Amino acid sequence: MQTKEYSINLAGKEIIARFTDLADQANGSVILESENTVVMATAVISKSGGNNPGFFNLTVEYMEKFYAAGLILGSQYNHREARPSDKAVLGSRVIDRTLRPLFEKHIKNAVQVIITVLAVGKADPVVLAINASSIALATSDIPWAGPVGAVHVSKTEKSAELLVNNYLQKTKGADPYSLDMTICGKEGTINMIETMSFEDSEETIGEAFELAVSEISKLEKWQKEIISDLGKEKLSFPKPQLPEGIADLYNEMVDSKLNEKVFDNPKKGANGIHDLENIWRDKISEMFPGEDEKEKNHASIDHFFQRIDERVHTEAIVNKRRGDGRALDEVRKIYAKAGGVSPVLHGSGIFYRGETHVLSVLTLGGPKDTLVVEGMEVRDEKSFMHHYNFPPYSAGETGRVGGFNRRELGHGMLAEKALYPVIPSKEIFPYTIRLVSESLASNGSTSQASISASSVALMDGGVPISRPVAGLAMGAMLSADGKDFVVVTDPQAAEDHFGDMDFKVAGTRVGVTAIQLDIKVGGMPVAVLKEGLVGAKKARLHLIDVIEEEISTPRTEVAASAPRIVSYKIKEDQIGMVIGKGGETIQGLQEETGAEISIEDDGVVTATGRDGAAEMAIEKIKALTKEWTIGERAEAVITKIMDFGAFAKLPNGHEGLIHVSEIAGFRIENVSEYLAEGQTVPVVVKKLERGKIGLSLKDAQPDFVKQKEAK
């Protein structure tokens, strides 16, 4: 096997790139290692192109392998990898969002990048995978405008210092992140961000951007050295020539009508562009209908999008004009509604931002409703989750319904990250919390509307969140030379489609909780992102004002339809007694009360149920674990007669012995003459020795056994 290695030290950690002939059928491949984490990235381009104009066919697959963790995972009946985990899907999306802007859109040949995690050590495999993907593409013969670098920037709860590539394994007792940020970029700019933050300020986030850019430049320089040594000559895919007369036809049919249809018609706005697009497509299909003319067809349609893109940019940058007539920093009309859907629901929130409408629904469950997560890196339970659905009707379309796709999973997780910092701890609120956001109408950033709707639903359901979270997207238009730009608040439709930046920022009044950046250009200057943070904060505070006008604080009680959870702490040495042999005691309690009962290792007992079931279960557990004191009085039921006395069951189920000498103030020869099984008698706790209870009947009621009955 042929091997060549290159290495770099970044933030005190060595990264090694190995080039071998292991995957020599791929156009490009590399194995990247750091802190015993090893990933292999391959890049392949198809031999022929597709037929879809305006679409670049890129697929990215981040592949987790159980063997990478040294574990045999999966179900009892299947110990091989099945559907990708949520983390794998999100990893694929992060890599895709980093690579995609750097491909020429006119290339119709499909490109596939596959990253296989071979071993999991201390380094973040996703960050390593982004860098490996960059190296594999950049050294291949596939046309691509890389390289890019990726770093992880973080803070922890115990330290405010910004650290690079300080990847924390999610182990019990570990210092958790207060800022968890993956940033990618090139040439001093940023082209992908994925962040969760515990209400950090915009200033701190800006510092993290600058630190990341500084470290990424080192990775970029290193990769360029590798490319100069090993890089292959790039394949050539010339742009299709624009047919003669098409530019003039566009001016006549489209450009002359843009003011009337779009920029001077705020009510029509972006829909006017769609109308012109349909007219243009029909005309081009009429002019170039044949299979042998598909390149002319594609080039003509691409020309439409290119010219519209130029016009949208010019109007925003030069004339400060948007297609819907809003000011650059103006948010669309906001509406929020708490509850009102049905009393069956545990909580609900409706949120409108212009033509984007989202319904979020809250469901509360007990501790046993947690989601068990088992993967290559994580084996954990989740008690808070957010899921997002985007049915085709929300975009006015028909399509497949059911299952899940990467976009829905990614949007759902972004909202989950944004909300997580305000979710109460299990000690304060022991429920399992599930939110589902339904996108009912879409025109710009339904993921951010889901965050706002979910905040309303949480407060409507009585979940004691620390404060509401709201989010929205910020867009940007850059001039061709990159010298001029404008940032636009709450982009929709054409701005969303033709804009250069989709910068989603969520947070509270205090600070930022989540960020996601996607761009359509090679990189976004930090100055643009900082201005976007400022605009996002201003808009976010406006959204929170509207939310708080509807519901300012969480309701004081959970909904009547929600289960009740009651907790009680017992001693750790009492856990076995409550569970019982083979679980028979706790199972009996659940059957008797109808409550769901769980016990933690520290002795915290949690009962979940409706209609008083939880309260009843806890009362029975309190009785079961009651610790008696000498001199305490009770009513006991005789359970067994013996020669030396009688056994009696106390109200909490504990059994004690009434010795024959403790039945009466005189000598008794035959216990059964005075006591009978099933009889209720008063007793006093007389002795407590090694878990055994001694009871006295005569001390509780001296005349219970009459002297005359002994004669």
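Where Rh is the Kirkwood radius over the Cα pairs of segment 318-368, the temperature 20 °C and the viscosity 1.002 mPa s, what D in µm²/s does Stokes-Einstein return?
On the way: Rh = 13.8 Å.
The calculation lands on 155 µm²/s.
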*Positive end of the charge dipole of segment 198-277 (Lys, Arg +1 and Asp, Glu -1 on Cβ, about the Cα centre): tell me which of 243, 273, 201 has its Cα farthest that way.*
243
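What trypsin sites (Lys or Arg not before Pro) does segment 487-547 have in DSSP loop regions with at most 15 other beta carbons within 10 Å?
Details: sites: 504, 509, 520, 530, 537, 538, 540; in loops: 509, 520.
Counting only loop positions with at most 15 other Cβ atoms within 10 Å, the trypsin sites (Lys or Arg not before Pro) in segment 487-547 are 509.
Under the √(5λ) rule applied to the eigenvalues of the Cα gyration tensor, what semi-axes describe the equivalent ellipsoid of segment 1-86? Give them in Å, descending. Don't skip to the answer; put the middle values down first.
Numbers: eigenvalues 140, 119, 38 Å².
The three semi-axes for segment 1-86 are 26, 24, 14 Å.
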*Just grab the label-to-label distance for residue 560 and residue 67, each label 7 Å out from Cα along the Cβ direction, in nm (one decimal).*
6.0
*Under the Karplus curve 6.51 cos²θ - 1.76 cosθ + 1.60, θ = phi - 60°, whole-Hz ³J(HN,Hα) for segment 616-632, x wherever Gly or Pro sits*: 5, 5, 5, 4, 5, 6, 4, 5, 5, 9, 4, 9, 6, 10, 5, x, 6
*For residue 634, residues with placed amide H under 5 Å, excluding near neighbours*: 683
*For the chain, what relative contact order do you get, as a whole percent, if you take Cα pairs closer than 8 Å and at least 6 residues apart?*
10
*For segment 439-445, in order, what is each residue's ³J(HN,Hα) by Karplus, 6.51 cos²θ - 1.76 cosθ + 1.60 with θ = phi - 60°, in whole Hz (x at glycine and Pro)?*
6, 9, 8, 10, 7, x, 6
*Once label points are set 7 Å from the Cα along Cα→Cβ at both residue 25 and residue 105, what is their separation, rounded to one decimal in nm?*
3.4
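For the chain, what is the percent of antiparallel DSSP beta bridges, rounded to the nearest 5? Don't skip to the answer; put the middle values down first.
Numbers: 129 of 143 bridges.
Counting DSSP beta bridges with both partners in the chain, the antiparallel share is about 90 percent.
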*Entries in 105/296; 186/483; 13/530 that, when Cα-Cα distance is taken, lie over 22 Å*: 13/530
*Among DSSP beta bridges whose residues both lie in segment 385-512, state the antiparallel percentage, nearest 5.*
70
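For the chain, what does -39500 (n - 2.57) per DSSP helix run (n ≥ 4), summed and divided by total residues, give at 222 nm, in deg cm²/dmol to the nearest 500?
Numbers: 13 runs with 195 residues, N = 711.
Per the formula, -9000 deg cm²/dmol.
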_FRET efficiency, 1/(1 + (r/R0)^6) with R0 51 Å, evaluated for residue 342 and residue 318 via beta carbons_ = 0.50
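DSSP loop trypsin sites (Lys or Arg not before Pro) in segment 186-238 with at most 13 other Cβ atoms within 10 Å of their Cβ, which ones? Kindly include the intermediate steps, with their values, before the conclusion.
Working: sites: 186, 218, 221, 224, 232, 234; in loops: 232, 234.
Of the trypsin sites (Lys or Arg not before Pro), the ones in loops of segment 186-238 whose Cβ has at most 13 other Cβ atoms within 10 Å are 232, 234.
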*Taking the Cα centre of the chain as origin, sum charge times position over the Cβ atoms of Lys and Arg (+1) and Asp and Glu (-1), and report the length of that vector in debye to the nearest 20.*
1080
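Rounded to whole Å and ordered largest first, report the semi-axes of the equivalent ellipsoid of segment 334-550 derived from its Cα gyration tensor (root of 5λ).
Values: eigenvalues 173, 68, 68 Å².
Semi-axes from the Cα gyration tensor: 29, 18, 18 Å.
Go through segment 384-460 and name the trypsin sites (Lys or Arg not before Pro) that are in a DSSP coil and have 15 or fewer other Cβ atoms within 10 Å of their Cβ. Let's see the in-between values first.
Values: sites: 400, 406, 407, 417, 426, 434; in loops: 400, 426.
Answer by residue number: 400.
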*For q = 0.18, 0.19, 0.20 Å⁻¹, Debye-computed log10 I/I(0) when each Cα of segment 457-615 counts as one equal scatterer*: -1.02, -1.09, -1.15
*asked:* Give me the extension gain from residue 652 to residue 481: residue separation times 0.36 nm, minus the current Cα-Cα distance, reported in nm with one decimal.
replied: 53.4 nm
*asked:* Regarding segment 171-231, what's the average projected area of the Cα-atom convex hull, expressed in nm²?
replied: 5.9
*Please express the Cα-Cα pair-distance distribution P(r) of segment 244-355 as a list of whole percents, one per 10 Å bin, running from 0 to the bin with the greatest distance.*
12, 32, 22, 16, 12, 5, 0
*In Å, what is the Rg of the alpha-carbon atoms in the chain, and how long is Dmax?*
33.8, 129
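Please arrange 501, 196, 577, 474 by how many other C-beta atoms lie within 10 Å of their C-beta, fewest to most.
Details: 501 24, 196 21, 577 17, 474 27.
Exposure proxy ranking, most exposed first: 577, 196, 501, 474.
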_Inter-probe distance in nm under a simple model that places probes 7 Å from Cα toward Cβ, at residue 378 and residue 292_ = 5.7
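Computed FRET efficiency, Cβ-Cβ of residue 279 and residue 80, R0 60 Å: what is it to the nearest 0.05?
Working: r = 52 Å, r/R0 = 0.87.
Computed FRET efficiency for residue 279 and residue 80: 0.70.
Values in this text are rule-based calculations from the coordinates and carry no lab data. Not measured: the values here are computed from a predicted model. Cβ coordinates were reconstructed from backbone atoms using ideal geometry, including for glycine residues, and neighbour counts include every protein chain displayed.
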